[in-house]
């Protein structure tokens, strides 16, 4: 049975605009906070907004996010001369709030101001539409006695292989689990070193773990991220497995959430009374369905076959905790231009007496 944890693997993603909440598949990387308590900065970045670069420089290698599209326009409007956050930027009253592993918390300054800053800070460069930082080494002032010991539970990055697309950003975080379903984040200052397995098609920031998958990575390629805890021998790493997935070859792969359903007796889409909270497909051919996702729980799971040319989708249930007797497992799956998934003739799970002939999902 599959497990769930709050790690971040930024992989099979879709485009979004900054004015909207982060869409499914677009993971929140960071937000901007304003120091005055009565002001909110209202500015953020997701994985879909940026191209990421890690410059070679060891443990203090510079990380740079190049903003694209609507995200770049929004940041330029807010932080440029006359923008609503421009005064706070000049005064040094803005700071970056990380929402993902490997993203340092630090003040946000203009590129000109940051050059004279003594401490590490995020630099906003309007000319290149980029946000960068040369971070301090998080382990430089670590008290090893405050870091987890071998007896303090199991260390993990993620319990199963995660799937990511070429050019994806992986922002990992090390967790400690004391019992099934329990995941406690380990302080970044307790991770002595991050590595990639030999031959991995990616680059990694050795102090923060941020990794960028190569654009030419082949579909199905597997590798691992490795984290070593402060105080552990150099040969002892916690590993997380990664599989590269080409979204074109595996169009259904990812996690989906139901937003609408269409009754068999009508043609209008309606809001589901009990939506399917999580429908997952992976590139290896496995699927799972859960109406109310919670920790490691799944309703049922199995394998699937999908023919993109005909849109035919066949599900085969192999096991589960709540397998519906009235399920229908053969139908069609079509991807919409807006990133939606429509299942026709398939009934992953029926929660009410009203016959439902179609379900519409968006990426989680």
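Can you tell me the order of 211-220, 179-188, 156-165 when each peptide is scored by its average per-residue count of other Cβ atoms within 10 angstrom, highest first? If you can, show how the numbers build up before the last one.
Working: 211-220: 16.2, 179-188: 14.5, 156-165: 19.5.
Ranked by mean Cβ neighbours within 10 Å, highest first: 156-165, 211-220, 179-188.
Name the shape class, rounded, prolate or oblate, that the alpha-carbon gyration tensor gives for the stretch 254-363, where a ≥ b ≥ c are the square roots of its eigenvalues, rounded holds for a/c under 1.5, and otherwise prolate holds if a/b is larger than b/c and oblate otherwise.
On the way: a/c = 1.37, a/b = 1.10, b/c = 1.25.
Rounded shape, in that the Cα axes give a/c under 1.5.
Can you give the extra length, in nm with one decimal, that the chain gains between residue 219 and residue 126 once fully stretched, where that is 0.36 nm per residue apart less the Cα-Cα distance?
Working: separation 93, 0.36 × 93 = 33.48 nm, distance 3.58 nm.
Gain on extension, residue 219 to residue 126, equals 29.9 nm.
To the nearest 10 degrees, how steeply does helix 69-79 sit against the main Cα axis of the chain, on a 0 to 90 scale?
So the helix axis and the longest Cα principal axis differ by about 40 degrees.
For an R0 of 30 angstrom, estimate the FRET efficiency from the Cβ-Cβ distance between residue 84 and residue 62 and round to the nearest 0.05. Don't skip to the answer; put the middle values down first.
Numbers: r = 28 Å, r/R0 = 0.93.
Here the calculated transfer efficiency is 0.60.
Between the stretch 278-312 and the stretch 27-93, what is the C-alpha centre distance in whole Å?
36
Roughly what % antiparallel, to the nearest 5, for the DSSP beta bridges in the chain? Mind dumping the intermediate values first?
Details: 87 of 93 bridges.
Roughly 95 percent of the DSSP beta bridges within the chain come out antiparallel.
With each run of n ≥ 4 DSSP H residues scored as -39500 (n - 2.57), what mean residue ellipticity at 222 nm is computed for the chain after dividing by its residue count and rounding to the nearest 500 deg cm²/dmol?
After summing the helix terms and dividing by the residues of the chain, the value is -1500 deg cm²/dmol.
For the stretch 144-244, with equal point scatterers placed on the C-alpha atoms only and solvent neglected, what are the log10 I(q)/I(0) values from the Debye formula at q = 0.20 1/Å, to two decimals?
At q = 0.20 Å⁻¹ the computed log10 ratios are -0.98.
A short reminder: the numbers here are calculations on the coordinates, not readings from a lab. These numbers were taken from a predicted model, which means no experiment stands behind them. As a convention, Cβ positions derive from the backbone with ideal geometry for all residues, glycine included, and neighbour counts pool all protein chains shown.
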